Amino acid sequence: MAVERTIFHVDIDAFFAAAERSINPDLIGKLLIIGGTGGRGVVACASYEVRPYGVRSAMPMSRALRLCPNALVMNSSHDLYGKISKSFMAILRDYTPDVQVMSVDEAYMDMTGTEGLYGPPEKAGRAVKDRVREELKLTASIGIAPSRLVAKIASDERKPDGMFTVQAGDEAAYLAPMPVRKLPGIGPRAAEKLARLGIQTLGQLAAFPEGPLRREMGNQSSRLIERAKGIDNSELSSETQSRSISSETTFHADSTDRAFLDKTVADLSERVGRRLRRTGKHARSVSLKLRYNDFTTLTRHNTPHVSFDGDARIVEIATALLDATLKQRNAPVRLIGVGVENLSEPAAQLSLLDSTVKDVSTLSSTLDRIRDRFGDDSVSRGPR
Amino acid sequence: MWITCLQENMSRGLGVVGRAVATRATLPVTQNVLLTTDQSRLKLTATNLEIAISTWIGAQIDHEGSVTIPARLLTEFVNQLPDDKIEIDLLDGSKGVTLECARFKASMNGTDAEEFPPIPTVEGGTTVVVPADVLKGAIERVAFAAATEDSRPVLTGIKVEIAGNKLTLAAADGFRLGVETVELVAGVEEDMGFIVPAKTMQEVQRLISDRADDITITVTEPASQVLFKFGDIEIVSQLVQGAFPDYGKLIPASAGTTATMKVEDFLQATRAAAVFARDGSGIVRLIVSPGEDGEKGKVTVESRAEEIGGDEGEFDATIDGDEAKVAFDSRYLLDVLGVLGSGTVTLETTTPSSPGVIRATDRESYTHVVMPMFVQW
């Protein structure tokens, strides 16, 4: 039998607001909102002080200010957050080399087998929280569980500045009363479908027969039921260590529909882009993999001069590769994969003639934050 | 017998026109070289329809005639022949040739010269004269800054501006800019500007021999073609149409920090850092530190590659202004430092995201602007 794993999900509380306060204590206790102040500005982070007013992240700033007219609004200072994030991850890596960075303020730690070093998990968790408080003047919440999935949900349990443990064997019981939306991956659309089957809670989902569920939810049904029971065997993938990130999909039916293939390439590119940005790195190459209906597989690469981490660039290069590959062979496609390679430190060659480089990147990271909070389906690319 | 010439001359002539031979030809005859008798010499011409190069070699002419022969076949064969006389004969109907040289004898099929695209004649228009070595040097220092991808075609060209007795070359690929002004032997009354493909300019640079004295540049009116004439060579090129960026505005008027150092010191430190930078995005970080109490300052060049390691090299420099930090793509620095010879160079910088300006202290007429890389410090 496999060793029970101990996974921490560590999440800094109201990160951007707390980061601003860490360098400017005058802001402590103020009704602080971080985000864009322009006409279409969006709340990037709502401090705990403004949450009773109903202000939430990703809400239009105009609405946030109607809910809380006395709020103090500050623009995001991403350089500062990036620096603090680096120190935060460095603290986590002091406890285990297996750290999976999910975003600037969130990471998983695989703490399996560290009892001998740090004592029981709760003691290690307190040590991590103490260091984050002392060194960064921030509070973090930690979820401890035998899997990433449950640890992630558990870290929300006692926010802010909390810690919550779900013991091995207790996962299903812990999740059972929760609404289905609590499960990462279940967005509003999926929740609606489940509601049509009378499923409101994760307990109901876990007990639902697979056959009828499959008719509504398709292929992912059995995995969904497992996850509702808290079963998740996925390993931590430390993409910071990896040299490439890729994502692929096999179609239900082989396709020659160019619009559909384009859309697939764009969706895969965005998925890969989001994972790339979580690593905090840039990529230098894009690869495209096409498998035809006869199982022959072609892979093409392109390495532009300038490194990138924005979706638009990945979509553009991957689409050009799709063009070139289909020109070489236009046959029904069975599988498409998009990858980024040659990961390197984040850097952008500034342009002498225009200044578009940074704007595009900002759009991608804003989308990431919205998706992190509202699910993968919350925003998507419109038709071109 | 049609003509007789020396293998050495024929080989040199084919080498001159060779770069204009089309590689992927939509018009197959452009993969051929045109041989034409021209008074008492043999004229060789090749064109890819963007650029045409002609050269003349000494030959004994028995009778007038012309023919086109596949360039690669002819060049490769001639280069294998001994340094001796080559006798060339036209096949019936001028559809090919036979070549005899020492104890070698070959026949090659070609096509009628009539099928060769006409080379545009550049007559009238405006003519200026520049010393060959001056133009060669200026092209070498400017042309590498031109774009090689043609997403913005004007940037693949070199802007040539002629005003009074001065000629200015400018090239920019969107990330860097090279500008040099040279004096003309014979100037113009009316100012003019046009864009020559960088590839053409690089051919001109390649073909200017150390012996050549003056180059005549003639531009049609309106500007659609340009002719470069020097020694036994004529190059006719299409011009790039479009508006070149107003490059004068891209050169910062002032700088917060100016570092003056030896080209070779800067080059060596950058090369060493580039060894590590190769694996990443080519990033090298420069830290310009003024000296304290009248001491000499220094420049530190750093590179890091996460999985490999990193390097830190420094050298003496005279610093005017505050400490400055700026990161560049090492390839861009190596390109410009590589063409500046020995001597000293200045680097002007203001913020980590404002353009860096590199000048050779002994060449006031030259300016190179390079955009930094935006990095986390």
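The values are calculated or read from the model by the stated rules, or taken from the named source; none is laboratory data. Please read all numbers here as calculations on a predicted model, not as lab measurements. In this analysis, Cβ positions are derived from the backbone assuming ideal geometry, glycine residues included, and neighbour counts consider all displayed protein chains.
Residues of segment B:190-232 that are part of a loop (DSSP other than H, G, I, E, B) and either crowded, with 23+ Cβ neighbours inside 10 Å or among the aliphatic types (A, V, I, L, M) (or both): B:Ile208, B:Ala212, B:Ala223. Applying the criterion of being at pLDDT below 90 and either hydroxyl-bearing (Ser, Thr, Tyr) or touching a His at 6+ places or on another chain (Cβ under 8 Å) (or both) to the residues of segment A:324-343, the residue that is surrounded by the fewest Cβ atoms within 10 Å (Cβ to Cβ) is A:Glu341. When we screen B:Val288, B:Val284 for residues that are surrounded by 18 or more Cβ atoms within 10 Å (Cβ to Cβ), within 13 Å of B:Ile319 (Cβ to Cβ) and not polar (S, T, N, Q), the only hit is B:Val288. None of B:Gly124, B:Gly187 is on the phi < 0 side of the Ramachandran plot and touching a strand residue (DSSP E or B) at 6+ places or on another chain (Cβ under 9 Å) except B:Gly187. Per the listing B:Ala255, B:Ala171, the residue uniquely within 14 Å of chain A (Cβ to nearest Cβ) and either without any contact (Cβ under 8 Å) to a residue 60 or more places away in the chain or in a loop (DSSP other than H, G, I, E, B) (or both) is B:Ala171. Going by the conditions given, is B:Ala277 within 14 Å of another protein chain (Cβ to nearest Cβ), touching a strand residue (DSSP E or B) at 6+ places or on another chain (Cβ under 6 Å), crowded, with 17+ Cβ neighbours inside 10 Å and not basic (Lys, Arg)? So B:Ala277 passes the test.
Taken over segment A:124-143, the criterion of being buried (at least 22 other Cβ atoms within 10 Å of the Cβ) and either of a type in the set (Gly, Ala, Ser) or in contact with an Asp or Glu (Cβ under 6 Å, 6 or more places away or on another chain) (or both) is satisfied by A:Ala124, A:Gly125, A:Ala140, A:Ser141, A:Gly143. Only one of the numbered conditions (1) within 13 Å of chain B (Cβ to nearest Cβ); (2) in contact with a strand residue (DSSP E or B) (Cβ under 8 Å, 6 or more places away or on another chain) is violated by A:Ala331, and that is (1).
Residue by residue through segment A:57-105, note down the ones that are closer than 15 Å to A:Ala17 by Cβ, part of a loop (DSSP other than H, G, I, E, B) and modelled with pLDDT under 90. The answer is A:Ser57, A:Ala58, A:Met59, A:Asn75, A:Ser76, A:Ser77, A:Val104. Inspect all residues belonging to segment B:81-91 and state whether any of them is surrounded by fewer than 16 Cβ atoms within 10 Å (Cβ to Cβ) and closer than 22 Å to B:Gln205 by Cβ. No, segment B:81-91 contains no residue that is surrounded by fewer than 16 Cβ atoms within 10 Å (Cβ to Cβ) and closer than 22 Å to B:Gln205 by Cβ. Screening segment A:152-174 for residues that are in contact with a Phe, Trp or Tyr (Cβ under 6 Å, 6 or more places away or on another chain) and crowded, with 18+ Cβ neighbours inside 10 Å and picking the one that is farthest from A:Lys129 (Cα to Cα) gives A:Val166. You will find that of A:Arg277, A:Arg291, A:Arg271, A:Arg300, the residue that is surrounded by fewer than 24 Cβ atoms within 10 Å (Cβ to Cβ) and either of a type in the set (Asp, Glu) or within 19 Å of A:Ala348 (Cα to Cα) (or both) is A:Arg277 and no other.
One residue alone among A:Ser85, A:Ser103 is within 29 Å of A:Arg148 (Cα to Cα) and either within 14 Å of chain B (Cβ to nearest Cβ) or acidic (Asp, Glu) (or both), and that residue is A:Ser85.
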